[in-house]
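Here's the structure, in structure tokens; my notes come after.
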Amino acid sequence: MLIIFYKVKIHTYYVYILTNKNNTVLYTGVTNDIARRCHEHKNKLVKGFTEIYNVDKLIYFELFDFIDLAINREKQIKGYSRKKKDALINKINPVWMDLYDNGKIKMPVSESIRLKNENPDS
């Protein structure tokens, strides 16, 4: 019996939401390297909307294995009302902390998950 192994490169794609320091502007994007992309936004290497409105605070992201799913989700979120986007963000990052820190991405932990983990009897 002959077994052939193939090297398969697993890709990860991210749909992300950025805001400015006052949380007044939201920007939704898609990338295959969220740390690199956040670095580009922080250092104003991305020309256009995010540069003009100082949008560089990562407040939300989702992971995908396939680019077509990520692009569809990006379009879906872009179609949301501000209220619906706020609810989406608040669900995982209620204090809207910056999830990008000096080249590293922090995993958000919502307050409800944190409280449940601290009190296992609830």
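The values are calculated or read from the model by the stated rules, or taken from the named source; none is laboratory data. Keep in mind the model is a prediction, meaning the values are calculated, not measured. With ideal geometry, Cβ positions are generated from the backbone for all residues, glycine too; neighbour counts draw on all protein chains shown.
What the table shows:
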{"read-out": "Residue among LYS42, LYS84, LYS75 that alone is of a type in the set (Lys, Arg), without any contact (Cβ under 8 Å) to a residue 60 or more places away in the chain and buried (at least 16 other Cβ atoms within 10 Å of the Cβ)", "value": "LYS42"}
{"read-out": "Flag if ILE89 is β-branched (Val, Ile, Thr), assigned to a helix (DSSP H, G or I) and under 19 Å from MET107 (Cα atoms)", "value": "yes"}
{"read-out": "Qualifying residues in the stretch 11-35 (those that are within 15 Å of LEU63 (Cα to Cα) and free of Cβ contacts under 8 Å to residues at least 40 places away in the same chain) - the one surrounded by the most Cβ atoms within 10 Å (Cβ to Cβ)", "value": "THR31"}
{"read-out": "Residue match in the stretch 47-68 (condition: among the β-branched types (Val, Ile, Thr), without any contact (Cβ under 8 Å) to a residue 40 or more places away in the chain and closer than 13 Å to ILE105 by Cβ)", "value": "no"}
{"read-out": "Filtered residues of the stretch 43-77 (kept if under 23 Å from PRO94 (Cβ atoms) and assigned to a helix (DSSP H, G or I))", "value": "ARG73, GLU74, GLN76, ILE77"}
{"read-out": "Subset tally (residues that are at pLDDT 95 or above and on the phi > 0 side of the Ramachandran plot) for the stretch 80-122", "value": "1"}
{"read-out": "Residue count, the stretch 47-68 (criterion: of a type outside the set (Lys, Arg) and surrounded by 18 or more Cβ atoms within 10 Å (Cβ to Cβ))", "value": "8"}
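A quick yes/no check of all residues on (1) more than 18 Å from LYS85 (Cβ to Cβ); (2) at pLDDT 95 or above; (3) under 11 Å from the mean Cα position of the chain (by Cα):
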| residue | (1), (2), (3) |
| --- | --- |
| LEU2 | yes, no, no |
| TYR14 | no, yes, yes |
| ARG36 | yes, yes, no |
| HIS39 | yes, yes, no |
| VAL46 | yes, no, no |
| PHE49 | no, no, no |
| GLU62 | no, yes, yes |
| ASP68 | yes, yes, no |
